[in-house]
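In what follows, a single structure is set out as structure tokens and then discussed.
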């Protein structure tokens with residue numbers, strides 16, 4: 001088990017050559033970082049097997065991912081993840097470590113981490129004018145701050 | 001901006017396909033108007049960014065086509081993938097890439113063009129609607145004639161005899177007749193008469209009363225009762241026993257039947273559609289099928305063409321099955337390669353449309369995306385040449401070749417000269433003349449010598 005509920009937050013990032021993978025739907029590797037009380041406790045990498053949208057969302061939920069930081073994601077996968085309580089921060093780009101640091105410092109909204117085309121349309125949280133995560137349903141807090149961290 | 005470059009940009013902005021270029025660092029250096037529309041990303045935001053962050057294709061991470069073009073210095077053409085646009089929609093596209101070189105032949109970047117396949121798919125759907133009738137696919141002359149016939153036959157409420165080889169879609173036609181008839185609000189019930197022994201078939205068709213036999217503790221309605229007011233398909237009617245033929249004759253003549261163990265006749269209002277893969281006329285001649293029952297079911301006779309008699313429908317059917325399996329299995333297989341399609345076009349399909357469906361299903365097991373290649377087809381189609389022409393020895397004269405083709409057709413149609421002539425696309429009298437001229441003998445069992 002990756003994280004014990006109530007004791008930390010599991011942040012997941014699909015990775016490709018030390019950067020965020022461009023498309024979550026086809027990502028092959030996932031970095032899982034467990035943070036507790038503002039500190040990184042442990043991290044590991046898992047291989048994502050190509051599968052259907054539902055199966056991909058199910059495996060993320062089974063990995064107990066709380067927050068998913070990703071680049072492009074298709075609407076069906078985004079919906080399936082949110083329905084399973086995963087908080088998705090989409091349309092991010094950049095080097096994995098820099099994104100992780102920005103996430104911890106709540107600086108993800110900076111220009112350098114924004115994918116082109118999906119920001120500046122009055123949208124918040126990188127949802128590209130698409131329906132934002134519903135806090136009640138997805139467990140995504142308004143500022144996406146890590147739980148118990 | 002130099003004049004020439006401005007003209008190039010204007011030209012590229014006017015084409016309907018998306019076009020973008022990258023430098024050797026994979027940063028976008030040009031992004032045309034169609035690319036903006038398809039991806040949903042404005043040019044000003046795309047320029048200077050890594051192409052994978054702009055393009056977001058399913059192959060960016062695993063099999064970048066631009067990288068392939070730059071590495072191999074060769075063009076990549078018509079690769080089918082999908083992108084995730086700015087709205088999170090998966091857009092199926094076809095991409096082509098090529099390296100960009102300077103005057104000295106040094107690679108300075110790459111160019112990628114892509115076409116939104118949604119429009120192509122929409123056009124195809126429209127065309128498909130014109131090429132189908134109640135789930136039956138076909139645009140051949142033979143199928144069009146049947147499509148024209150169906151509404152009138154469906155309306156008539158007459159008993160219909162469907163004749164056709166296995167896999168030609170007899171049940172599909174029977175369902176279409178039911179759906180187009182005034183009985184469509186009632187049930188369509190199908191039963192394969194050839195699959196059940198007599199006693200079981202009788203209880204299945206007519207039902208039984210409690211106490212009719214051991215373990216018959218309560219009444220059980222038969223298929224005729226279930227289909228009351230609707231339509232009943234009696235499939236493989238040519239396989240039923242003489243005793244069963246007699247019972248069916250009574251139902252068709254008097255519209256009454258008696259359940260097993262029952263004493264009171266039950267009236268029924270069921271339209272009967274009979275289907276067989278044999279020639280009922282021939283069975284009557286052989287004394288294996290009652291003549292009076294034959295005339296009862298032979299009110300309207302529809303002969304379904306085999307797939308080899310309507311080869312022009314093969315690509316259409318392939319498209320239909322590829323779309324269906326893509327939807328069922330969540331795949332993005334684009335279709336068949338030219339080689340695989342050619343292999344199927346020359347195959348005879350003894351199992352007809354059902355066999356074609358199985359072949360595509362087999363290919364889907366081996367091919368996860370892109371085009372189905374010959375290697376993905378079942379072994380007999382994959383390993384050897386399947387067509388008659390390819391089996392012909394080299395150096396034959398035209399006359400010898402014609403003789404071989406005639407013999408082959410007669411063997412395949414089991415000596416049925418009318419069917420062989422139809423398959424060869426010649427008149428029966430021409431076939432007779434040629435059989436005589438070549439000294440061929442077509443025995444009833446089809447051993448053409």
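Once R0 is set to 56 Å, what does the formula 1/(1 + (r/R0)^6) return for the Cβ-Cβ distance between residue B:14 and residue B:264, expressed as a FRET efficiency to the nearest 0.05?
That gives a FRET efficiency of 0.10.
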Average beta-carbon neighbours from other chains, 10 Å sphere, peptide A:70-80: 4
Calculated P(r) of the protein assembly as shown - Cα pairs past 45 Å, %: 43
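Rounded to the nearest whole Å³, what is the per residue volume of the convex hull around the Cα atoms of region B:141-303?
108
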Where the Cα pairs of region B:223-374 fall when distances are cut into 5 Å bins, in %: 2, 8, 14, 14, 10, 10, 9, 10, 10, 7, 4, 1, 0
Distance (nanometres) between label positions extended 7 Å along Cα→Cβ at residue A:98 and residue B:255: 8.3
Förster radius 60 Å - calculated FRET efficiency between residue B:402 and residue A:61 (Cβ-Cβ, nearest 0.05): 0.35
Proxy reagent accessibility, fewest Cβ within 10 Å first, across B:185, B:58: B:185, B:58
Share of alpha-carbon pairs per 10 Å distance bin for region B:264-306, given as whole %: 22, 47, 23, 7, 0
Region B:268-352, Rg to Rh (Cα coordinates; Rh as Kirkwood inverse mean 1/r): 1.17
Relative contact order of region B:307-388, defined on C-alpha pairs under 8 angstrom at six or more residues apart (%): 35
Computed lengthening from residue B:158 to residue B:300, 0.36 nm per intervening residue step minus Cα-Cα distance: 50.4 nm
Fewest-first sequence of B:120, A:47 by Cβ atoms within 10 Å of each Cβ: A:47, B:120
Max mean-square fluctuation residue, GNM over chain B, Cα-Cα springs under 10 Å, options B:114, B:349, B:213: B:213
Average Cα contact separation per residue, region B:394-438, under 8 Å, 6 or more apart, as relative contact order %: 27
Most mobile of B:415, B:105, B:281 in a GNM of chain B (Cα contacts under 10 Å): B:105
Averaged over B:56-65, number of beta-carbon atoms from partner chains that fall within 10 Å: 5
Chain B - convex hull of alpha carbons, volume per residue in Å³: 225
Largest to smallest principal axis extent of the C-alpha atoms in region B:307-388, angstrom: 36, 24, 19
Among B:270, B:284, B:333, residue whose mean-square fluctuation peaks in a GNM of chain B (springs only between Cα atoms under 10 Å): B:284
Ratio of Rg to Rh over region B:1-94 (Cα coordinates, Kirkwood Rh, two decimals): 0.95
Estimated FRET transfer efficiency (residue A:18, residue B:71; beta-carbon r; R0 22 Å; 0.05): 0.60
Theoretical gain in end-to-end length, residue B:107 to residue B:89 [0.36 nm per residue, Cα-Cα removed]: 3.1 nm
Region B:394-438: equivalent-ellipsoid semi-axes (sqrt of 5 x gyration tensor eigenvalues, Cα, Å): 18, 12, 8
Fully extended contour minus Cα-Cα distance, from residue B:292 to residue B:324, at 0.36 nm per residue: 7.2 nm
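Taken together, the values in this text are just the output of simple stated rules run on the coordinates, not laboratory data. Just so it is clear, the model here is predicted, and its values are computed rather than measured. Cβ sites come from the backbone with ideal geometry, for glycine too, and all protein chains shown count toward neighbours.
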